[in-house]
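Worksheet: one structure, shown below.
The values are calculated or read from the model by the stated rules, or taken from the named source; none is laboratory data. Note that the structure is a prediction, hence the values are computed from the model and not measured. Cβ coordinates were reconstructed from backbone atoms using ideal geometry, including for glycine residues, and neighbour counts include every protein chain displayed. Surface accessibility is based on the protein's heavy atoms, side chains included, excluding ligands, DNA and RNA. Shrake-Rupley method; radii C 1.70, N 1.55, O 1.52, S 1.80 Å.
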Amino acid sequence: MPIYLDYNATAPLRPEALARMQEILAFPANPSSVHSFGRAAKRHLEAARKTIADAIGAWPNEIVFTASGTEANAMALSGFPGRRVLVSAVEHSSVLSFSPRERMPSGARRVGAGQPDAPSPVTSSGIVDLSALDRLLAGGGPALVSVMLANNETGIIQPIKEVSELTKKYGALLHCDAAQGFGKIPVDFGVLGCDLMTLAAHKCGGPVGAAALVVRRDLPVLPPLTGGGQESGRRAGTENVAAIAGFARAVELFDFRHMKALRGWLDEMEAEISSPGMGQAGGGMVFGKSVSRLPNTSCIAMPGVSNEVQLMDFDLNGFAVSAGSACSSGRIEPSHVLAAMGVPEASSRSAIRISGGRQTTEQDITSFTEAWKRMYQRLSRRHAG
């Protein structure tokens with residue numbers, strides 16, 4: 001059976017989450033109905049809300065359920081008309097490509113780095129440049145800042161507490177896309193100091209189709225959908241109770257000890273493939289190894305070998321890996337994340353992402369390491385010839 005190492009795209013659905021969903025799907029579940037079936041659905045919904053809130057140190061009424069992390073990001077970015085929107089250069093495409101102009105009053109615009117739509121830069125290590133962000137915040141009116149907790153391609157963890165302190169200095173709001181970090185590292189909404197936070201079920205063992213935007217209790221946000229009173233009027237539409245309950249069940253089963261072990265296995269892999277003894281072409285490259293990263297993620301490059309070739313070769317040899325974000329319609333394009341870090345395009349085009357999870361074993365990583373070395377030695381000899 002293929003070894004799955006693409007958890008950052010989507011984590012396998014936990015069987016416990018599936019079982020919870022099947023229980024609920026056996027009955028009509030509209031939590032807005034006042035009869036017994038509706039009341040039961042409402043209990044499931046609110047129990048899930050509390051479970052997720054407790055997991056991040058939030059209040060249950062701060063959790064707004066959505067259908068995806070992309071929707072939650074859009075809700076955050078479009079929810080405050082009149083504010084400038086400043087985003088980092090390494091954000092997920094749902095943040096980088098989102099333009100709230102249509103929902104903003106005439107004359108308002110999305111800006112960053114002193115130019116409309118230009119993102120706020122990061123350092124060569126992939127960390128948001130706080131000095132540059134400080135200048136951006138000082139140079140205009142009220143702002144909404146969006147910085148992800150951890151990058152989906154490199155796993156690099158951002159200093160959200162420091163970003164929060166900076167935004168508070170200027171009276172700005174802070175949105176944090178924590179979809180990749182939630183379930184892999186402890187996340188505390190209050191400690192991080194965010195005003196809004198995105199979570200997604202399928203990144204942590206829950207189902208596709210359930211996510212949440214965490215909204216600070218005293219913060220009014222413009223609803224993205226209207227026409228119903230669901231989610232306390234903040235997001236219209238009947239809630240997907242079964243998927244939300246599956247989301248909560250996955251949250252109940254988080255295992256950070258396994259994640260810590262996984263980081264150790266990946267560190268060993270990185271050390272082995274980047275060894276100077278790999279051959280005349282030198283060893284592989286590891287991105288972000290000098291800063292804190294998610295315990296499950298490694299972004300590595302095989303010099304001289306395109307990521308397309310690597311993905312096909314690994315797939316044929318029983319390994320499911322990726323070349324970065326899974327939200328690009330199947331296209332493999334140069335990574336905007338690595339480009340923002342100043343990585344040359346040639347190196348970026350040879351980079352792949354390894355992301356493990358709860359089912360990943362030490363032997364899986366060892367097997368991948370051996371496969372990587374065999375491929376590199378074979379292809380580098382061909383290149384040298």
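Remarks
- Filter pass, GLY141 being in a loop (DSSP other than H, G, I, E, B) and surrounded by fewer than 24 Cβ atoms within 10 Å (Cβ to Cβ): yes
- Residues in region 186-225 that are among the aliphatic types (A, V, I, L, M) and open to solvent by 40 Å² or more (accessible area, probe 1.4 Å): 4 in all.
- Against the list (1) under 30 Å from THR123 (Cβ atoms); (2) exposed (fewer than 15 other Cβ atoms within 10 Å of the Cβ); (3) modelled with pLDDT of 95 or more, the condition PRO276 fails is (3).
- Of the helices (runs of 4 or more DSSP H) that lie entirely inside region 150-260, those containing 1 or more residues that are touching a Pro at 6+ places or on another chain (Cβ under 7 Å), at pLDDT 95 or above and of a type in the set (Val, Ile, Thr) span 241-252.
- Region 146-171: number of residues that are more than 15 Å from the chain's Cα centre (by Cα) and open to solvent by less than 10 Å² (accessible area, probe 1.4 Å): 3
- Counting only helices (runs of 4 or more DSSP H) that sit wholly inside region 1-116, those with at least 2 residues that are modelled with pLDDT of 95 or more and under 21 Å from the mean Cα position of the chain (by Cα) are 36-56, 69-78.
- Applying the criterion of being among the hydroxyl-bearing types (Ser, Thr, Tyr) and either surrounded by fewer than 20 Cβ atoms within 10 Å (Cβ to Cβ) or closer than 16 Å to ILE273 by Cα (or both) to the residues of region 356-385, the residue that is modelled with the lowest pLDDT is SER380.
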